[in-house]
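Colleague: To start, I am sharing the structure in question, which I have written as structure tokens.
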Amino acid sequence: MAVYTLPELPYDYSELEPVISPQIIELHHDKHHAAYVKGANDTLEQLAEARDKEQWGSVNGLEKNLAFHLSGHILHSIYWHNMTGDGGGEPLEKDGVGELADAIAESFGSFAGFKAQLTKAAATTQGSGWGVLAYEPLSGRLIVEQVYDHQGNVGQGSVPILVFDAWEHAFYLQYKNQKVDFIDAMWAVVNWQDVARRYEAAKARTDVLLLAPRAT
């Protein structure tokens with residue numbers, strides 16, 4: 001039985017128009033995300049076979065494949081929920097997301113500063129990657145990460161709460177090679193309610209890094 005499964009979209013393919021076309025959403029979810037799910041499951045089976053046969057010649061490649069596919073599955077699962085047709089703007093206290101707004105201001109100085117940093121991080125990825133707003137549990141602050149592929153250049157223990165997909169398959173059919181235009185447009189569909197829930201959940205996890213586990 002498969003360990004990982006493709007989650008259903010939380011909306012119709014047309015929900016994010018005109019920012020993202022229905023064709024892109026369908027291909028992105030049904031083909032690309034599905035491929036990462038299959039890749040993660042296939043790699044787990046291959047690792048199990050390697051253990052059973054005690055054949056470790058391909059372990060380096062398999063571990064890289066697992067990190068790639070599993071991280072792709074996780075980031076895409078967050079990505080779909082990070083967006084809504086009724087999104088955009090910025091997080092505000094009157095909308096019930098004041099704690100997130102305060103955390104952004106504390107961590108980046110202002111919403112404008114945060115928006116500029118995440119936009120640049122996503123738009124300037126070399127090749128394929130993501131721009132990510134993450135909760136960093138050691139400091140209790142928010143940070144921006146520029147992720148290579150799905151798994152590279154990531155701080156250990158950080159929890160992604162808002163992700164911008166900067167892979168070409170996320171935008172090329174509609175925006176051609178204008179990645180910057182796509183990233184700029186993405187701000188109009190950010191689901192701040194979802195981001196705020198992820199922030200609260202990440203912040204509530206205590207001793208997540210286990211830097212000094214408590215004695216029992």
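The values are calculated or read from the model by the stated rules, or taken from the named source; none is laboratory data. No experiment lies behind these values; they were computed from the predicted model shown. Note: ideal-geometry Cβ built from the backbone for every residue, glycine included; neighbour counts use all protein chains shown. Heads up: the accessible areas ignore ligands, DNA and RNA and are worked out on the full protein's heavy atoms, side chains in. Shrake-Rupley method; radii C 1.70, N 1.55, O 1.52, S 1.80 Å.
Colleague: Among the residues of the stretch 2-16, count how many are loosely packed, with under 14 Cβ neighbours inside 10 Å and either over 30 Å from D86 (Cα atoms) or in contact (Cβ under 8 Å) with a residue 24 or more places away in the chain (or both).
Modeller: Number of matching residues: 4.
Colleague: (1) open to solvent by 30 Å² or more (accessible area, probe 1.4 Å); (2) part of a loop (DSSP other than H, G, I, E, B); (3) closer than 30 Å to Y13 by Cα: which one isn't true of H150, the others all being true?
Modeller: H150 satisfies all of (1) open to solvent by 30 Å² or more (accessible area, probe 1.4 Å); (2) part of a loop (DSSP other than H, G, I, E, B); (3) closer than 30 Å to Y13 by Cα except (1).
Colleague: When you scan the stretch 23-139 for helices (runs of 4 or more DSSP H) that lie fully inside it, which ones turn up with 1 or more residues that are among the β-branched types (V, I, T) and open to solvent by 30 Å² or more (accessible area, probe 1.4 Å)?
Modeller: Result: 59-81.
Colleague: Return the residues of the stretch 118-175 that are under 25 Å from A204 (Cβ atoms) and among the basic types (K, R); say none if nothing qualifies.
Modeller: R141, the sole residue that qualifies.
Colleague: Give L92, L66 a once-over and let me know the one that is among the aliphatic types (A, V, I, L, M) and under 16 Å from V154 (Cβ atoms). If you could, list the steps in order and put the result at the bottom.
Modeller: Working: L92 fails: under 16 Å from V154 (Cβ atoms).
Within the list L92, L66, the selection yields L66.
Colleague: Give me a count of the residues in the stretch 155-186 that are open to solvent by less than 10 Å² (accessible area, probe 1.4 Å), assigned to a helix (DSSP H, G or I), touching a residue at least 24 places away in the same chain (Cβ under 8 Å) and closer than 19 Å to D86 by Cα.
Modeller: 2
Colleague: Sticking with this structure for a sec: Does D194 satisfy being at pLDDT 95 or above and surrounded by 20 or more Cβ atoms within 10 Å (Cβ to Cβ)?
Modeller: Yes; evaluated as a whole, the condition is true for this residue.
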